[in-house]
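A short write-up of the structure that comes next.
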Amino acid sequence: KGQGLGRLCRSLSVPLEEVVAFGDGDNDLEFVRMAGWGVAMKNARDVLKDAADEVAEWSNDEDGVIKTLQKYEREGKLILPNEK
């Protein structure tokens, strides 16, 4: 997933520093580390929580990704391309 994220960002000319990645399993470790901001879900394994920049307040089953993105938007931390 990490290598794929890198390739996608290069092809879209999006700096990795501007990417938020969410994960919950060991297979998300590289992905979360590569992104500018890595978020481990509340239900993530400890190894991922330790590597992430933040642990989400919610699990996958609680719609944690969208709730976290909505929280970032309310806090002014999420800037969409048409808002730059």
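The values are calculated or read from the model by the stated rules, or taken from the named source; none is laboratory data. As the structure is a prediction and not an experimental result, all values here were calculated from the model. Positions of Cβ are generated from backbone atoms using ideal geometry, with glycine treated the same way; all protein chains shown enter the neighbour counts. Ligands, DNA and RNA are excluded from the accessible area calculation, which covers all protein heavy atoms including side chains. Shrake-Rupley method; radii C 1.70, N 1.55, O 1.52, S 1.80 Å.
Which members of the stretch 10-26 meet the condition of being farther than 19 Å from L80 by Cα and crowded, with 19+ Cβ neighbours inside 10 Å?
G23, D24
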Any hit, the stretch 64-71, residues being part of a loop (DSSP other than H, G, I, E, B) and open to solvent by less than 50 Å² (accessible area, probe 1.4 Å): no
Selection within the stretch 49-67 - in contact (Cβ under 8 Å) with a residue 24 or more places away in the chain and either of a type in the set (D, E) or in contact with a helix residue (DSSP H, G or I) (Cβ under 6 Å, 6 or more places away or on another chain) (or both): A52, A56
Conditions (1) at pLDDT below 95; (2) open to solvent by 40 Å² or more (accessible area, probe 1.4 Å); (3) within 12 Å of the chain's Cα centre (by Cα); number of the one not met by G2: (2)
The stretch 29-43 residues that are of a type in the set (D, E, K, R), paired with ones that are modelled with pLDDT of 95 or more and crowded, with 21+ Cβ neighbours inside 10 Å (beta carbon under 6 Å, 6 or more apart): K42/A56
Selection count where residues are open to solvent by less than 80 Å² (accessible area, probe 1.4 Å) and part of a helix (DSSP H, G or I), scope the stretch 27-59: 9
